[in-house]
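K.L.:
Following this message is one structure expressed as structure tokens.
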Amino acid sequence: MENKSTILLEKTIQGHHLILRAPKPSDAVHVAEYWFGPASAHLLAFTDVTAFGTKEEVLAQTEKFFASISQQGPWSTLVMDVDGRPTGNVLINGLVPEEEALVHVHIWDPTLRRMGIASLLARDVFAYFLDAFKLKRLILQVQTENTPVIRLMESLGLQSEGTYFGKAAPICKEGNYKRFVIPRSQ
Ligand SMILES: CC(C)(COP(=O)(O)OP(=O)(O)OC[C@H]1O[C@@H](n2cnc3c(N)ncnc32)[C@H](O)[C@@H]1OP(=O)(O)O)[C@@H](O)C(=O)NCCC(=O)NCCS
């Protein structure tokens with residue numbers, strides 16, 4: 001049973017119980033499995049996750065990071081549980097205090113994609129990061145081929161600022177990216 005004080009959101013979707021909560025060290029194994037397994041293959045084509053080390057090193061770093069996050073928040077990573085099972089995360093990084101941060105959304109289990117989970121959570125979770133970290137905007141940069149996340153942004157009424165060639169983050173390879181800005185008023 002999850003501690004209520006670490007739960008940000010609780011919803012139901014297609015009969016499934018969904019919560020978004022603070023991360024725990026035991027979630028790290030799912031992050032490592034995701035980044036070193038087939039469910040992130042489309043991202044690995046342009047992200048060099050090995051820059052962070054081996055799977056074991058990523059697991060150890062992530063465990064340490066999740067253990068360091070205060071249970072009181074603010075939480076820069078939120079983990080999704082579907083029917084009690086850790087299933088994905090939404091996170092910010094590249095934070096420029098009181099200005100902006102990069103935001104990322106991952107549903108680790110492909111069988112739970114395209115059933116509306118991200119659409120159900122996105123507005124509330126973006127608002128949380130903007131408020132909790134007192135940011136003016138969130139930036140989402142995505143490879144032009146990543147249709148699901150582009151559709152997600154568009155379905156929230158957000159228009160891409162355009163396509164550019166470059167790196168979306170230091171560990172990314174050069175490629176064509178779309179850049180979305182999620183302003184504080186969104
Ligand atoms: C991107 C991602 C988080 C979207 O989450 P999701 O819960 O599957 O998205 P939803 O079911 O809420 O769908 C959102 C919109 O995208 C569309 N969509 C979702 N998957 C799609 C697909 N494979 N092809 C085309 N459109 C798709 C949906 O139809 C919906 O649009 P609509 O409201 O106009 O109908 C999920 O696909 C994912 O985890 N992908 C892997 C990680 C990743 O690439 N993250 C992006 C990097 S930050």
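The values are calculated or read from the model by the stated rules, or taken from the named source; none is laboratory data. Bear in mind the structure is a predicted one, so any value in this text is a computation, not a measurement. Every residue, glycine as well, gets a Cβ built from its backbone with ideal geometry; the counts of neighbours run over all protein chains shown.
K.L.:
Determine whether residue 76 is at pLDDT 95 or above, under 26 Å from residue 153 (Cα atoms) and of a type in the set (Gly, Ala, Ser).
P.N.:
Yes, satisfied.
K.L.:
Next question. In the stretch 57-91, what count of residues is obtained for those that are within 20 Å of residue 141 (Cα to Cα) and within 11 Å of the ligand (Cβ to nearest atom)?
P.N.:
So the count comes out to 4.
K.L.:
What is the residue count in the stretch 43-56 for residues that are within 16 Å of the ligand (Cβ to nearest atom) and either of a type in the set (Gly, Ala, Ser) or in contact with a helix residue (DSSP H, G or I) (Cβ under 9 Å, 6 or more places away or on another chain) (or both)?
P.N.:
5
K.L.:
What are the pairs with Cβ atoms under 8 angstrom where one residue, in the stretch 63-80, is crowded, with 17+ Cβ neighbours inside 10 Å and the other, located anywhere, is assigned to a helix (DSSP H, G or I) and among the charged types (D, E, K, R)? Sequence gap at least six, or different chains.
P.N.:
66/27; 79/27
K.L.:
Considering only residues that are farther than 14 Å from residue 184 by Cα and in contact (Cβ under 8 Å) with a residue 40 or more places away in the chain, look in the stretch 132-154 and name the one that is surrounded by the most Cβ atoms within 10 Å (Cβ to Cβ).
P.N.:
143
K.L.:
I want to confirm something. Restricting to the stretch 33-42 and keeping residues that are touching a residue at least 12 places away in the same chain (Cβ under 8 Å) and under 19 Å from residue 169 (Cα atoms), which single residue is farthest from the ligand (Cβ to nearest atom)?
P.N.:
36
K.L.:
Within the stretch 6-32, which residues are within 16 Å of the ligand (Cβ to nearest atom), exposed (fewer than 14 other Cβ atoms within 10 Å of the Cβ) and without any contact (Cβ under 8 Å) to a residue 60 or more places away in the chain?
P.N.:
12, 15
K.L.:
From 101, 122, grab the single residue that is without any contact (Cβ under 8 Å) to a residue 40 or more places away in the chain, in a helix (DSSP H, G or I) and within 16 Å of the ligand (Cβ to nearest atom).
P.N.:
122
K.L.:
Condition first: assigned to a helix (DSSP H, G or I), at pLDDT 95 or above and of a type in the set (Phe, Trp, Tyr). Can you find one or more residues in the stretch 127-140 that meet it?
P.N.:
Yes.
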